[in-house]
Amino acid sequence: MNRKTFLVAHREFVENLRTKAFWIGILLFPVLITAMMVIPAWLERAKGARSYAVVDHSGWLLDEIERRAELPDLERVLERALELQRSGSPDFAEMPDALRRTAQELERGIGVVLQGQGSADDADREEVEHKLLAAFASTVGGLAGTQGEAVRAQLPPEAVRSLDELRVEIQAWWRALPPDQADEYGSGLAKSRYIRVEVADRGEAAVPQLTQQVQDGELFAYFVIGDNPVEGGEGSRYISTNLTDDDLHRWFTRLASDAVRDRRLAERAIEPEVAEWIQQPVDFAMQKIGAGGEEEEVKAQDMVRQWAPTAFVYLLWITVFTVAQMLLTNTVEEKSNRLMEVLLSSASPLQLMMGKIAGIAATGLTMLGSWVVFFYLATKYVPAFFGVELDFDLSVIATDPLYIGSFLFYFLLGYLFYAALLVGIGSVCNSLKEAQNLMTPVTLILFVPLATMIPISRDPNGMLAKVLSYVPPFTPFVMMNRAAGPPSTLEYVLTTALMLVSVVLVMWAAAKVFRIGVLMTGKPPRLREILRWLRAPVGMVPESRPPA
């Protein structure tokens, strides 16, 4: 880069950094990203409890549902108590005495079972913990079942007696716990999300009153359970004025279905062990091929990495479109206010064009660097600040050298390609209105990578992805989208070479158009004239069209 080109680039960069719009753009984007991550989860947690009533004509199903509703809640509460105990958190000391003693007894029981199995593996510990918690919670809820009984049978008799005594205390504590205090022991518990309102008259006579309460907003919904749900769902219904929020409906239906299924199995005299065996699904453990060719367990973090390129493509699209649009606007404005003529008195058209492209590129890289830093900080610390627990660490994406390196590389290629197109368009336009009309085809081309983003993410090495990889306007976006595939080394080499050649050709064409169009005024030239400019030798200005 010669001195004059550098001075033009420096001027463009500094001028952009001085504008309020630049800093607003830098700050607003991470704020929006953070909001999209945190606010939905926060709103879901802040959503008011759903009050409901039940008219039970069966005489048994509602009581069974109530017992079953306790099971997952108690498992989560006990699991959290175990986590706090192991970590030595001071919050553990503030838990009720019965809950603390239960966690301590369960921890000892898990250790005994693992010692008997001769295992210290984390996966085995997790499995034993899950089964023992399920067995204990089932006894608290008064549910019979075989889940976890094999683990429970491995405990010494004194441990079983101790847990049975604690079961009574935990049951009394849990059922006396107000729903609005349940969230202190775990987030998203059904006890705090769904609150059943007692119905004085459990017969059909209560329906008109419940309907009125739903209409008045006193109840979110109510259920009517038919006379014989074991035979079928006739007479069972759900009444609410809000049919879009179906969490309550799905939760209650799932519990009712489980209870009815167990009753049907019992009526057919099918042993619980046999019933559990019949319903046991076939589980295909997801695994991946590691760097050394060995099989590795697939974790939630791996699934995030698989879909991470999709987010990068969207960010790449926004950045390329925003920065290239900035170059177009800047070019048209300087031409319309005759500042371009002053600049051309000190630099050649080619130096001016390359300086403007380089200066705006530096602006774009500054924005990207700021966004990456903000994204890392937001994914690392913001969820914990708002009390939102994520099953995976998104911040590792912002520090992944493969994704960050690919992103910067394809940003530069995509920006240079589209910047050359738009600077050429801007040089022949006298106003933003004219530029917007000529910008329409470029915008339509840019929408193709967005439309194919999800299909390519699902099949990064499929035919669609491979074909679009060799179409220069789409190459940066498609290859970024395929990063989790990943493409073969040969594809990287060929698509990069094709993209570099395309950038050089588009730059050459843009320079030919820019040197003539930037000094023209009046109506923008027709496409036929622009093609004549491309064929004209350097230093020769083709004859303009005769006036109409």
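Calculate, in nm to one decimal, what Ser345 and Thr521 gain on full extension: separation in residues at 0.36 nm each, minus their alpha carbon distance.
61.6 nm
For a quick check: with amide H placed at 1.01 Å from N, whose amide H comes under 5 Å from Tyr194's, ignoring anything fewer than 5 positions away on the same chain?
Excluding prolines and chain starts, which carry no amide H, the hits are Arg50.
If packing is taken as the average number of other Cβ atoms within 10 Å across a peptide's residues, how do 241-250, 90-99 rank, most packed first?
Packing proxy ranking, top to bottom: 90-99, 241-250.
Roll a 1.4 angstrom probe over the protein heavy atoms and tell me the percent of accessible area of region 220-281 that is carbon or sulfur.
Roughly 51 percent, rounded to a whole number.
Please work out how much accessible surface Leu27 shows to a 1.4 Å probe, ignoring ligands, DNA and RNA, in Å² rounded to 10.
Using a 1.4 Å probe on the heavy atoms, I get roughly 90 Å².
Once fully extended, how much extra length lies between Ala497 and Leu464, figured as 0.36 nm per residue of separation less the alpha-carbon to alpha-carbon distance?
Here the segment from Ala497 to Leu464 would lengthen by 9.9 nm.
Take Leu464, Leu352, Leu450 and sort them by solvent-accessible surface of the protein heavy atoms, 1.4 Å probe, largest at the top.
Leu464, Leu450, Leu352
Taking Cα centroids, how far is region 303-353 from region 65-111 in Å?
Using only Cα atoms, the two centres lie 57 Å from each other.
Subtract the Cα-Cα distance of Thr443 and His130 from 0.36 nm times their separation in residues, and report this length gain in nm to one decimal.
Full-extension gain reported as 107.4 nm.
Taking 7 Å along the Cα-to-C-beta vector as the label spot, tell me the Thr489-Val230 distance in nanometres, rounded to one decimal.
6.8 nm
Less than 12 Å from a label point 7 Å out along the Cα-to-Cβ axis of Leu27: which backbone N atoms in region 314-333 qualify, by residue?
none
Distance between Cα centroids, region 221-260 to region 162-180: provide it in whole Å.
Result: 28 Å between the Cα centres.
What FRET efficiency would be calculated for the residue pair Val282, Ala153, taking the C-beta separation as r and a Förster radius of 25 Å, to the nearest 0.05?
For Val282 and Ala153, the calculated efficiency is 0.45.
Calculated FRET efficiency, Met36 and Arg175, Cβ-Cβ r, R0 41 Å, to nearest 0.05?
So the FRET efficiency works out to roughly 0.55.
Could you tell me the calculated FRET efficiency between Arg528 and Phe409, based on Cβ-Cβ distance and R0 = 51 angstrom, to the nearest 0.05?
Computed FRET efficiency for Arg528 and Phe409: 0.90.
Round to the nearest 10 and report in Å² the accessible area of Phe375, as given by a 1.4 Å probe over the protein chains' heavy atoms.
Counting only protein heavy atoms, Phe375 exposes about 60 Å² to solvent.
The values are calculated or read from the model by the stated rules, or taken from the named source; none is laboratory data. Values in this document were obtained by computation on a predicted structure and should not be read as measured data. Neighbour counts are summed over all protein chains in view; Cβ atoms, including those assigned to glycine, are modelled from backbone coordinates with ideal geometry. Accessible surface areas use protein heavy atoms only, side chains included; no ligands, DNA or RNA. Shrake-Rupley method; radii C 1.70, N 1.55, O 1.52, S 1.80 Å.
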